[in-house]
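The values are calculated or read from the model by the stated rules, or taken from the named source; none is laboratory data. No experiment lies behind these values; they were computed from the predicted model shown. Glycine also receives a Cβ, built like all others from the backbone with ideal geometry; neighbour counts cover every protein chain displayed. All accessible areas refer to the heavy atoms of the entire protein, side chains included, with ligands and DNA or RNA removed. Shrake-Rupley method; radii C 1.70, N 1.55, O 1.52, S 1.80 Å.
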Amino acid sequence: MGKIVGGIGLSHVPSVGPAYDRGKQQDPAWKPLFDAYIPVREWLAKLKPDVAIVVYNDHVADFPFARYPTFALGAADSYAIADEGFGTRPLPEVSGDADFSIHLCEQLIQDEFDLTVCQEMGVEHGFLVPMNLCFPSTASGWPVKSVPLQINVVQHPLPTARRCFKLGQALRRAVESYEEKVKVVILGTGGMSHQLQGKRFGFMNEKFDQWFMDELERNPEGLAGISHQKIMEEAGAEAVELIMWLTMRGALSKKAKRVHRHYYAPMTTGMGLITFED
Amino acid sequence: MGQPLKPIPDTSIFDLRLSRRGRRLNKMCEALCSPAEREAFKRDEEAFMTRFSLTEDEKKLIRTRDFKGLIEAGMNIYAMLKIGSATGNSLYKMGAQMRGESYEEFLKTRNISGAV
Ligand SMILES: [Fe+2]
């Protein structure tokens, strides 16, 4: 039977990708971020998940605005590395688990989440930065299989935070009804506070970010009632990505315990990290 | 239910109305996800813009690298990153311009400006 063994909330700041590829792990400006993931990887090595469900958003790379899904789930055995307009990162193709994905699609749609099902999908920094930090790839591939779950957090109207939370709860039911033995970690990515356009470019709010992580841990049901307006006003327009962390949190049980927590805000984004063991 | 977002000072809210206004601009940027199209853009910017049916006002915004104006004209920020990359303007350079600061002034406002 399928089992969710852990959840991770983490930022997916694009500049982490090139910093990683250029070997800046020991650079004083980057070290605090990269070091925070060392204990997380040790913890994951003990949990030994088979699959990572990655809740992320595409940044106008593989999903054009001509047809833009609210929720899109990958159902393939592999996912290409997408070109976001700056060339592709030197990473191996992502391995999927189509059988598991198909099961999730069947269950979620039965459960009234009318997803767009993607048999071909390219993944970019929203997916790759978190995966790279938690499950670094080698020349022979990635240590776990993935299921990408893409959410529209870019073109309003967006799904509500509550809807994203409920999607997480439905995901848990879907995972637990899988007949094969599979251990799952779920990643909720994006945020935290940041704004990338307008005169308010560069706006961050550490106080909001810390509060968000507090609430995510202690009061997720309450946090799911947060409005887009509140997030965008208090943490910047692009911080609304944080609703994807609620999908991760919704997929965890009431007994899930927080394990790691970290925060670093060097440039224009509050980079948060929080893990839960379930 | 279904309350539209209220305006936020100094912030653009990329909703369907704005996305529709920026349709041509965003479609052009989406094409830049292909290496061949990036080459075509760099080779002949004017022809590239014409191919995507940009209006004269839109072309002017691209020619003058007016990033603040492009956002107001409906260009999505993530679409704009592709134009930035093709024209040698990083996110932080575009950001400084949108704030009305020089790049150096902007860097001084950051906590750890080495993390670029
Ligand atoms: Fe993002």
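With a ≥ b ≥ c taken as the square roots of the eigenvalues of the C-alpha gyration tensor of the range A:69-186, please select rounded if a/c is under 1.5 and otherwise prolate if a/b is larger than b/c or oblate if it is not? Walk me through the numbers before you get to the answer.
Working: a/c = 1.93, a/b = 1.26, b/c = 1.54.
In terms of gyration-tensor shape, oblate.
In whole Å, what are the Cα extents of the range A:110-166 along the three principal axes, biggest one first?
39, 24, 20
Scan around A:VAL182 for amide H atoms under 5 Å from its own, H built in the peptide plane at 1.01 Å from N, and keep only partners 5 or more places away or cross-chain.
A:GLY2, A:LYS3
Expressed as a fraction of 2.2 N^0.38 Å, the rule-of-thumb size for a compact globular protein of N residues, what is the C-alpha radius of gyration of the protein assembly as shown?
Dividing the Cα Rg of the protein assembly as shown by 2.2 N^0.38 Å gives 0.94.
Taking a virtual spin label 7 Å from the Cα of B:ASP15 along the C-beta vector, which residues in the range A:217-244 bring their backbone nitrogen under 12 Å of it?
Label zone hits: A:229.
For the range A:214-230, in order, what is each residue's ³J(HN,Hα) by Karplus, 6.51 cos²θ - 1.76 cosθ + 1.60 with θ = phi - 60°, in whole Hz (x at glycine and Pro)?
Running phi through 6.51 cos²θ - 1.76 cosθ + 1.60 with θ = phi - 60° gives 4, 5, 4, 6, 9, 9, x, 4, x, 4, 5, x, 5, 8, 4, 4, 5 Hz.
Taking K and R as +1 and D and E as -1, what net charge do the other residues with C-beta under 14 Å from the C-beta of A:LEU158 add up to?
-1
Compute the separation of the alpha-carbon centres of the range B:1-76 and the range A:82-117 and state it in Å as a whole number.
Going from one Cα centre to the other spans 28 Å.
Can you check what the Kirkwood hydrodynamic radius comes to for the range A:223-278, Cα pairs only, in Å to one decimal?
One decimal place: 12.7 Å for the Kirkwood radius.
Between the DSSP loop rule and a limit of at most 10 other Cβ atoms within 10 Å, which GluC sites (Glu not before Pro) in the range A:173-213 are left? Don't skip to the end; give the middle numbers.
Working: sites: A:GLU176, A:GLU179, A:GLU180, A:GLU206; in loops: A:GLU179, A:GLU180.
For GluC sites (Glu not before Pro) across the range A:173-213 that sit outside H, G, I, E and B with at most 10 neighbouring Cβ atoms in 10 Å, the list reads A:GLU179.
Take every DSSP beta bridge with both residues inside the protein assembly as shown and express the antiparallel ones as a percent of the total, to the nearest 5.
For the protein assembly as shown, the DSSP antiparallel bridge percentage is about 40.
Give me the lysines in straight-line cross-link reach of A:LYS48: C-alpha distance below 23 Å, same-chain residues under 8 apart excluded.
A:LYS3, A:LYS145, A:LYS181, A:LYS183, A:LYS254, A:LYS255, A:LYS257
Rounded to the nearest 0.05, what FRET efficiency do A:GLU42 and B:ARG63 give with R0 = 41 Å and r taken as the Cβ-Cβ distance? Could you check?
0.20
Calculate one ³J(HN,Hα) per residue across the range A:35-42 by plugging θ = phi - 60° into the Karplus curve 6.51 cos²θ - 1.76 cosθ + 1.60, and present them in order as whole Hz with x for glycine and proline.
4, 4, 8, 4, x, 5, 5, 5
Quick one: which residues, 5+ away or cross-chain, put their amide H under 5 Å from the amide H of A:PHE201? H built at 1.01 Å from N.
Residues meeting the criterion, in which the H sits 1.01 Å from N, do not exist here.
Compute for the range B:1-95: radius of gyration divided by Kirkwood radius, i.e. Rg/Rh, restricted to C-alpha atoms, rounded to two decimals.
That ratio equals 0.99.
For A:GLY96, which sequence-distant residues (separation of 5 or more, or a different chain) have an amide H within less than 5 Å of its own amide H, given hydrogens modelled in the peptide plane?
Under 5 Å from the amide H of A:GLY96 lie the amide H atoms of A:SER78, A:TYR79, A:SER146, each far enough along the sequence or on another chain.
Please list 3J(HN,Hα) in residue order for the range A:123-137, calculated via the Karplus relation 6.51 cos²θ - 1.76 cosθ + 1.60 where θ = phi - 60°; whole Hz, with x for glycine and proline.
Going residue by residue, I get 10, 10, 4, x, 9, 6, 4, x, 5, 4, 6, 8, 9, x, 7 Hz, with x marking Gly and Pro.
For A:GLU221 and A:MET1 in the same chain, what is the full-extension length gain: residue separation times 0.36 nm, less their Cα-Cα distance, in nm?
Taking 0.36 nm per residue and subtracting the Cα distance, the gain is 76.6 nm.
Let me confirm one metric for peptide A:44-51, namely the mean number of other chain beta-carbon atoms within 10 Å of its residues' beta-carbons.
0
Residues in the range A:84-99 near a label at A:GLU179, defined as backbone nitrogen under 20 Å from the 7 Å Cα→Cβ point?
A:97-99
Carbon and sulfur: what percent of the protein assembly as shown's accessible surface (1.4 Å probe)? Don't skip to the end; give the middle numbers.
Values: 8180 of 16230 Å².
Of all accessible area on the protein assembly as shown, carbon and sulfur atoms account for 50 percent.
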